[in-house]
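A short reminder: the numbers here are calculations on the coordinates, not readings from a lab. Note that the coordinates shown come from a computational prediction; the quantities given were computed from them, not determined experimentally. Note: ideal-geometry Cβ built from the backbone for every residue, glycine included; neighbour counts use all protein chains shown.
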């Protein structure tokens with residue numbers, strides 16, 4: 001079967017467009033694992049595992065990545081220009097300390113300490129570690145200063161690569177969803193495994209960022225309604241990110257600033273596909289799972305009050 005192919009790009013006038021964080025995942029969507037650098041001479045430098053540095057590709061240009069939603073299966077790709085722009089904005093916006101586990105759980109102690117675009121694959125230092133990536137690839141090295149993350153996830157092989165977390169537009173008349181919603185659709189485990197992962201992450205040293213609650217009861221009720229409607233349809237709507245977000249809202253959990261930005265961006269884009277006259281439509285259910293209109297209004301007000309928009 002021939003699937004459509006869409007190019008993703010960064011919107012120049014959208015401050016949320018681009019890469020917000022680097023996530024360590026079990027199954028990287030770009031199908032390239034990172035390496036924990038081992039003892040290896042590099043001219044004047046020596047790198048070893050004691051430094052706890054992970055190296056790998058964050059984005060590979062022109063590589064088709066499979067995606068799916070409720071209506072179609074298709075591929076996306078990033079041009080070399082977009083990859084370079086994403087890498088530049090990531091650092092320019094000071095996002096190098098933003099890291100997550102499986103796109104959902106904030107981590108403390110992970111920092112991007114190197115970021116570069118591969119100009120010559122043969123001479124690039126990534127080739128020394130058998131990372132054979134094409135020209136234009138965005139490479140990163142991440143320092144892991146979190147003992148629990150290193151021991152429980154990296155050394156055990158529970159995470160194998162990097163995956164970007166952010167928002168892009170595409171060249172089609174379709175919902176501009178956050179890239180985390182579908183780029184890593186194959187990365188996410190079944191919901192039961194998500195909760196097992198949540199329990200494991202609860203034991204980690206969490207990131208010390210202020211979190212915000214106090215959103216309207218109606219936002220929590222919208223999430224509960226979305227959960228019930230989705231259950232009636234066999235949970236066919238939304239990805240694991242949306243389903244987990246709904247559970248968080250139903251429990252009235254607090255959210256960090258990066259998560260509030262993701263919620264606002266998603267609801268702003270998905271609002272056009274919410275139709276109360278079609279309660280069983282996945283666009284309507286997904287919008288409710290994220291808290292709906294009342295959550296969007298509250299998050300927008302909160303972000304304005306914090307000077308973020």
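What the table below lists for this structure:
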read-out	value
Simple label model, 7 Å out from Cα along Cβ direction - residue 79 to residue 143, nm	3.6
Cα gyration tensor shape of the stretch 207-309, rounded if a/c is under 1.5, else prolate or oblate by comparing a/b with b/c	prolate
Two-site FRET efficiency, residue 294 against residue 257, from Cβ-Cβ distance with R₀ of 25 Å, rounded to 0.05	0.80
Contour minus Cα-Cα distance for residue 68 and residue 275 (0.36 nm per residue)	72.4 nm
Peptides 260-270, 292-302 ordered by average Cβ neighbours within 10 Å, highest first	260-270, 292-302
Packing-based exposure ordering (other Cβ within 10 Å, fewest first) of 128, 110, 225	128, 225, 110
Length gained when the stretch residue 3-residue 268 is fully extended (0.36 nm per residue, less Cα-Cα span)	92.6 nm
Residue 119 versus residue 221: modelled label distance in nm, points set 7 Å from Cα along the beta carbon direction	6.0
Relative exposure of 72, 165, 7, judged by other C-beta atoms within 10 Å (fewest first)	72, 7, 165
Residues in the stretch 95-131 that a label on residue 51 would reach, taking backbone N under 16 Å of a point 7 Å out along Cα→Cβ	111-116, 125-130
